[in-house]
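The values are calculated or read from the model by the stated rules, or taken from the named source; none is laboratory data. Remember, predicted model here, so these are calculated numbers, not experimental data. Please note: Cβ atoms are built from the backbone with ideal geometry, for glycine as well, and neighbour counts cover all protein chains shown. Only protein heavy atoms, including side chains, enter the accessible area calculation; ligands, DNA and RNA are left aside. Shrake-Rupley method; radii C 1.70, N 1.55, O 1.52, S 1.80 Å.
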Amino acid sequence: MSAPEWMNQLITRLPTLQPSDLSRHAVPEESTREAAVLVLFGPRDNFGEVVIIERASHLKAHPGQPAFPGGRVEEGDSSLSQTALREAKEEIGLNPDSIEILGELPQLWIPPSNFKVTPVLGWWHTPHEITNIDANEVQAVHQIPLADLINPANRTRVRHVNGSFGPGFNVESMLIWGFTGGLISRLMDIAGWSIPWDESVIVELPAPAPNTEVTS
């Protein structure tokens, strides 16, 4: 099954997207840590869903935070898309053959962990049950309806402990924020899915535990 019509505007914009379209952070030339994440959309009723993981709470980097499946580029990866697919298979057992890669987004920067991250846009044309989860990396997997992310009642601004603000989503008893929340928000705008919401609603992010990295 090819990507649906509701993704057409996003797919059309892919070749012209710039890092500034997706993030407020400029990518520094000196950053050498590279990673890729899979932004995976699938069918849900008459619209769609997106796959979000919760990282394991014991991890040093971004513990317990919502994220896209993905990870560090490894020697032997033939492309950034292949990195994203490999990591998604390792972390949550996604079958690469069930996914159509639609394109690679511009490389972005996550300051706390100093990673250059390439989001890889995918269409889950043949969804399957997610049962093979690596508990060392992932504590939960969510297939979140896009309708829930678009719903103004679920949208918020998140104030980081450093005083900066970013988009957030209160869905499925979790707060999606940071890199993941920001990218979802930007992609929704680019795709033409967003509708007005009350930007005066603010969630205060609690201070992180010592010796952990957080996504700002």
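Take 192-205, 121-134 and order them by the average number of nearby Cβ atoms within 10 Å per residue, most first; the result is 121-134, 192-205.
Report the antiparallel proportion of the DSSP beta bridges in the chain as a percent, rounded to a multiple of 5.
Values: 32 of 45 bridges.
Taking every DSSP beta bridge within the chain, about 70 percent pair in antiparallel fashion.
Quick one: net charge of ILE53's neighbours, Cβ under 11 Å, K/R +1, D/E -1? Intermediate values should be presented prior to the final figure.
Values: positive: ARG55; negative: GLU54, GLU87, GLU91, ASP134, GLU137.
For residues surrounding ILE53, the net value is -4.
Which net charge results when you count Lys and Arg as +1 and Asp and Glu as -1 among the other residues whose beta-carbon is under 15 Å from that of LEU175? Don't jump to the answer; show the numbers that get you there.
Working: positive: ARG55, ARG155, ARG157, ARG159; negative: GLU54, ASP148, GLU172, GLU204.
Net charge in that neighbourhood comes out at 0.
Counting only DSSP beta bridges whose two residues both lie in the stretch 27-125, roughly 65 percent are antiparallel. Each residue of the stretch 139-151 is assigned a 3J(HN,Hα), and the resulting list reads 9, 6, 10, 10, 9, 8, x, 4, 4, 6, 6, 6, 3 Hz, derived from the Karplus form 6.51 cos²θ - 1.76 cosθ + 1.60 (θ = phi - 60°), x at Gly and Pro. Taking Lys and Arg as +1 and Asp and Glu as -1, the other residues whose beta-carbon sits under 11 Å from that of SER194 total +1. Our summary of shape: the Cα atoms of the stretch 75-138 have principal axis extents of 34, 29, 21 Å, ordered from largest down, in whole angstrom. The H on the amide N of ALA140, modeled in the peptide plane, is under 5 Å from the matching H of GLU54, each at least 5 residues off or on a different chain.
Element breakdown for the chain at a 1.4 angstrom probe: carbon and sulfur atoms account for 48% of the accessible area.
If I stretch the segment between ARG159 and GLU30 completely, what's the gain in nm (0.36 nm per residue apart, minus their alpha carbon distance), one decimal? The partial results should precede the final answer.
Details: separation 129, 0.36 × 129 = 46.44 nm, distance 2.81 nm.
So the chain would gain 43.6 nm between ARG159 and GLU30.
Considering the chain, its Cα convex hull presents a mean projected area of 11.9 nm². Here's how it looks for VAL203: its modeled amide H is under 5 Å from those of ARG157, VAL158, ARG159, which are all 5 or more places away or on a different chain.
Checking a compactness column here: for the stretch 46-174, what do you get for Rg(Cα) / (2.2 N^0.38 Å), N being the number of residues?
1.09
The helix-based estimate of mean residue ellipticity at 222 nm for the chain, built from -39,500 (n - 2.57) per DSSP H run of four or more residues and divided by its residue count, is -5500 deg cm²/dmol to the nearest 500.
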